[in-house]
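Below is one structure; the comments refer to it alone.
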Amino acid sequence: MRYPVIKPPTKKEQALIRRKIKEVVKEQGGVRAAARHLKVKHSYLASILDGTRNNPGDWYLRKLGLRRVTYIEEV
């Protein structure tokens, strides 16, 4: 079985993901508290924030209130 190729997010999309994480971190009072609130690993959340990981899966995006959208349009 072949898995679909997911294109990495653009710089603008990466900034949106980081901004959403920072909002949760600020609300919860820290990365570990935010990770507990979102029910994700704090190390993964921190690595997205510092830029070592930049393509979170759909599951993580849904936890942040985001979704990956792809479409085809006629030109």
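Details
- From I17, I21, residue being in contact (Cβ under 8 Å) with a residue 12 or more places away in the chain, surrounded by 15 or more Cβ atoms within 10 Å (Cβ to Cβ) and touching a Pro at 6+ places or on another chain (Cβ under 8 Å): I17
- So G51, is it more than 20 Å from V5 (Cβ to Cβ), in contact (Cβ under 8 Å) with a residue 40 or more places away in the chain and not aromatic (F, W, Y): no
- Number of positions in the stretch 50-75 that are exposed (fewer than 10 other Cβ atoms within 10 Å of the Cβ) and part of a helix (DSSP H, G or I): 2
- Within the stretch 12-29, not a single residue is under 13 Å from the mean Cα position of the chain (by Cα) and part of a loop (DSSP other than H, G, I, E, B).
- Qualifying residue in the stretch 36-49 (condition: surrounded by 13 or more Cβ atoms within 10 Å (Cβ to Cβ), at pLDDT 90 or above, in contact with a Leu (Cβ under 6 Å, 6 or more places away or on another chain) and of a type in the set (A, V, I, L, M, F, W, C)): no
The values are calculated or read from the model by the stated rules, or taken from the named source; none is laboratory data. These numbers come from a predicted model, not from an experiment. Here the Cβ is made from the backbone with ideal geometry for all residues, glycine too, and neighbour counts use every protein chain on show.
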